[in-house]
Each structure stands twice: as C-alpha cells, then as structure tokens.
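Inspection log for the structure reproduced underneath, given as structure tokens.
The values are calculated or read from the model by the stated rules, or taken from the named source; none is laboratory data. Fair warning: this is a prediction, and the values are worked out from it, not measured in the lab. Every residue, glycine among them, receives a Cβ derived from its backbone with ideal geometry; neighbour counts consider all protein chains shown. Quick note on the areas: whole protein, heavy atoms, side chains included, nothing else; ligands and nucleic acids left out. Shrake-Rupley method; radii C 1.70, N 1.55, O 1.52, S 1.80 Å.
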Amino acid sequence: MSDQPLLSRLDLNLLVSLDALLTERSVTRAAERLHLSQPALSASLARLRTHFDDPILARRGNSYDLTPLAIRLTDHTTTALEAARRVFESQAAWNPELSTREFSIYGSDYSFVTVGRHVSRLARQQAPGVRFRFMLHSPAVVEDAASRLRSADAMLIPHGFLSDLPYADLWRDHWVGITSTHDTTIGEQATMADLSARPWVFTYQSREAFTSASRQIQQLGIEPRFEAVVESFLALAYFIEGTDRLGLVQASVAPALERSAGVRTFALPFDATPVLNAVWWHPVHDRDPEHQWMRGLFAQAAAELRDAH
C-alpha cells in the first residue's frame, strides 16, 4: 500500500521523457525527438532528478554521460514504456483488419528469413495495418528471456535454450556443413577427420550460446579450432568463401547461402540432433486475443514453410 501514494504522484509523461533522455543523452535532442520545447523537457529532467535523487545526466565537457543509476534504468524504462503502451492499446473487441498494432519478435536472422518472412506476408493479407518488428536476439537477451518477453511479444528460438515459458512448436530443420566452392578435399559427406583437421567459423560459441551440432562435435571427442565467431547465420558464408574453413547452418537457409556466396553444403558424418524451432512468449500474453491471433499467424507460416520443404 505504501507504493500507491508514490505512484499516484507520478506522471506517465515523465517515463516518456526519461526514455528520450536516456536514449539521446541530451536535453536538446530529446526535446526535438518528443517535439517539445527545451525548457519543458528541462523541467521534466528536474522532476526526474528530484524523484531519483540522482543527476541522470552528468556533464562531461560539452556533452553528457549517463550516471550509473541512469544506465541501470535504461532497460527498465524501455520495458515499462512497452508495457504501458500495451495497456492503453488493449481493446475489448479486436479486429485484425482494422488494427495498427505492432508486434515485436526476438530471433536470429535464420528465423527471420524462414518463418518471419512468411508471417510478414500473411499479416499483409489478413491485417494490412499490423506491423511486425523483428529484433535480433543476443546471448544476453536469451539469458533474460523471461523478463524481455514481458514487453516483447515473442521469441523465435529452437528448443534447448528456454524453459518454464509457454511455446508452440513450428517446424523442424536439420544441420548441414558448408565449405568454400573451391574446396576439393571434402566430397558430398565429410569425415570426422575432416572436422578435426579444418578451421571453423561458428555462429555462437560460449557456455550459454551455441548450436546443438557444434556441441555434438565436441561431445564426439573433437575440439574444433575456430578462427572466427559471427552471430549471424546469413553472414557465416562470407567468412568461409575462398578459405579452407568449415561452418554449420540449417538446411533451410543453405540454398540462399549457396546463391549469395561461394559456398556449398556437405553432409555431416554423424546424426546431428534436429532443430525443433518454436515460438515462445510470456504467460501474461496467454489470453490476449491479439497475441492469440499472432500465434495463429506463426502456425500458418510454419505450415507453409513445412510444405515448401
């Protein structure tokens, strides 16, 4: 109960001002972004400084730096703004054909060029005013998924990384190796000796972030010698083109990589665990009719993807 009087004195507009100030690190630029006068935003900054008992912006020469507290507030402010937006955009009756809602989806570039593009096309047909914002995740985002998904709508990621969150399975994929088109030493299928002898480019390589196939290679007794790590499946091919390096990609994106870069695929010398792709969300969205419609759209897109392969 003690928090209610404090909250009742706060103005939601201060949250908008705080977000702009944290992003722009300048009263002038933040005011321009919000189409406000500089004195009006300076007044908001003064109120925020009083509330937090912190400068928020600390002058350093001719510019400003965020204070340690302001840095900690950055993610919280974005999440709070998104949650507030969702509250006031909610409708008792929702018609997708008339909606202008924006859905925010975390994922990898692999998930965007597979199921994501189908979702975008279907949305244009069924709800032309609806927008999708596809945002690249990172190991930090995945690690903090339960919190991030309170404000974002969903995360596209295979099984094996998230737990204790609702999900819907979408489609299965499998792993293939890629090498330069100039490579004549590996045929249609590599050997374990090939995997051991050649340098690698990985998309993720840490304790928390990895691909299941690269982890299997290690479990089979090979410690791959990797020369680069690039957190992009689509960029991976360009780090292999014209070299003796190897890489791992999902079969559904391999044809696009072969068309765009000088690489070709080969079969792996072991039974790689299939990739079971899913869409994950926070339980707060379970009964949201708009979110339910979005999940149905992903189901339709996944069905199209399965039929295409």
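Key figures for this structure:
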item	result
Mean accessible surface per residue for the chain, computed with a 1.4 Å probe while every protein chain stays in place, in Å²	53
The range 170-308: relative contact order in percent, alpha carbon pairs under 8 Å with at least 6 residues between	42
Percent accessible area from carbon and sulfur atoms, the range 92-186, protein chains only, probe 1.4 Å	49
For the range 179-276: rounded, prolate or oblate by the Cα gyration tensor [a/c cutoff 1.5]	rounded
Compactness of the chain, expressed as Rg and Dmax over alpha-carbon positions, Å	23.6, 73
For the chain, with +1 on Lys and Arg beta carbons and -1 on Asp and Glu, the positive-most of Ala31, Pro55, Asn277 along the dipole	Ala31
Accessible area of Glu304 in the full protein assembly, 1.4 Å probe (Å², nearest 10)	60
Rounded accessible area of Ile222 (nearest 10 Å², 1.4 Å probe)	20
Compactness of the range 15-132, expressed as Rg and Dmax over alpha-carbon positions, Å	18.7, 53
Heavy-atom accessible area order for Trp281, Trp293, largest first, 1.4 Å probe	Trp293, Trp281
Cα long-axis angle, helix 68-89 against the chain (0 to 90 degrees, to the nearest 10)	90
Rg/Rh for the range 118-192, where both radii come from Cα atoms and Rh is the Kirkwood radius	1.12
Cα-based Rg / Dmax (Å) for the range 192-244	11.0, 30
Gaussian network model of the chain, springs between alpha carbon atoms under 10 Å - residue of Asp75, Asp286, Asp53 with greatest fluctuation	Asp53
Area accessible to solvent at Glu102, 1.4 Å probe radius, in Å²	40
Angle between the chain longest axis and helix 12-24 axis [Cα atoms, degrees, rounded to 10]	50
